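FYI, it's all coordinate maths here, none of it is from the lab. Quantities reported herein were computed from a predicted structural model and do not represent experimental measurements. Please note: Cβ atoms are built from the backbone with ideal geometry, for glycine as well, and neighbour counts cover all protein chains shown.
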Amino acid sequence: MNHRNIINRVQENVERVRRRIAEAALRGGRDGRNIRMVAVTKYLLPDDPRIEALFKAGCDELGESRPQHLISKVEAFSDQPIQWHMIGHLQRNKVRKVLPLVSTIQSVDSLRLARAIDRIAREESLRPHVLLEVNISGDSAKHGFAPSEIRPALDEMADLSTVRVRGLMAMAGLQADQETTREQFTRLRDLFDSLREDLPENVEMEELSMGMSRDFEIAVELGATIVRIGTVLFEGTE
Ligand SMILES: *Cc1c(COP(=O)(O)O)cnc(C)c1O
């Protein structure tokens, strides 16, 4: 595919996803303008023209799941006004490198990681935004807190004064069909709502990051404020 066709195709894909988000929001009785799409670039090398196509399509929030890939893309696109999201498992020994580069770490999956982020943020005078990752599927391969661990974890995090907890993030199970996905997202939304009703100290429950290419419409209907989309943005560009 030539360069121009790739750019056009990605642009069309982005517009189609935005429309589908707006329609799903309507079905859920929500305002689609309050829903942000993080475009996931983890499949692409930094020099891939499809990343440039995302910029042309107005995507300014991008997600990466591996620290090393994040670092090389941040470097490659330092001239672009991008907010980067870390969406994959983060080892504590990578926190110092990643922290200054991202707008949000969506994948805080343990108290030890939260404490490491707080310690390093204090040293670096940063106030990182984070989401707590919830394992809503129970898949043992998935990272994240069990739903029942979230409230106690937030209470323990009350004295991590640099960290701004902005909400929750989750993925549906790998094997989940539509109905199961809907159940899992509904449980996460209910947890989110119950935390908002009785907000733990030092916590803002504003962001609910759920929904990927195969299930973002369900997520939007059920209350997602952030969807993280990769595959469908690059359809037809191989
Ligand atoms: C890869 C990834 C996505 C995007 O998945 P697609 O199916 O390609 O849309 C979203 N969230 C996380 C945490 C991911 O690792």
| message | Across the range 53-177, what fraction of all alpha-carbon pairs, as a whole percent, falls in each successive 5 Å bin from zero upward? | response | 2, 11, 21, 22, 19, 13, 8, 4, 1
| request: Would you kindly state how much longer the chain becomes between ARG33 and GLU15 on full extension, computed as 0.36 nm times their sequence separation minus their alpha carbon distance, in nm to one decimal? | output: 5.1 nm
| request: Name the residue, out of SER103, SER213, SER125, whose mean-square fluctuation peaks in a Gaussian network model built on the chain with Cα pairs under 10 Å. | output: SER125
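So how many Å³ per residue does the convex hull of the Cα atoms of the range 92-158 work out to?
Dividing the Cα hull volume of the range 92-158 by its residues yields 88 Å³.
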| message | Restricting to DSSP loop positions (anything but H, G, I, E, B) with no more than 16 other Cβ atoms inside 10 Å of their own Cβ, which trypsin sites (Lys or Arg not before Pro) remain in the range 10-47? | response | LYS42
| query | When the helices in the chain are scored as -39500 (n - 2.57) per DSSP H run of 4 or longer and the sum is shared across all residues, what 222 nm value do you end up with, to the nearest 500 deg cm²/dmol? | reply | -12500 deg cm²/dmol
| query | With each label point set 7 Å from Cα along the Cα-Cβ vector, what nm distance links SER213 and ALA76? | reply | 1.8 nm
| query | Which lysines have a Cα lying under 20 Å from the Cα of LYS142, excluding residues fewer than 8 positions away in the same chain? | reply | LYS42, LYS94
| query | Which percentage, to the nearest 5, of the DSSP beta bridges contained in the chain is antiparallel? | reply | 0 percent
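At a temperature of 25 °C and a viscosity of 0.890 mPa s, determine how fast the range 152-219 diffuses translationally according to Stokes-Einstein, using the Kirkwood radius over alpha-carbon pairs as Rh; express D in µm²/s, rounded to the nearest whole number.
On the way: Rh = 13.0 Å.
Diffusion coefficient, whole number: 188 µm²/s.
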| Nearest-20 debye value, the range 129-238 charge dipole, Cβ charges on Lys, Arg, Asp, Glu | 160 debye
| How large is Rg over Rh for the range 1-73, taking Rg from the Cα atoms and Rh as the Kirkwood inverse mean of 1/r across Cα pairs? | 1.04
| Does the chain come out rounded, prolate or oblate, given a ≥ b ≥ c as the square roots of the eigenvalues of its C-alpha gyration tensor, rounded meaning a/c under 1.5 and, failing that, prolate meaning a/b above b/c? | oblate
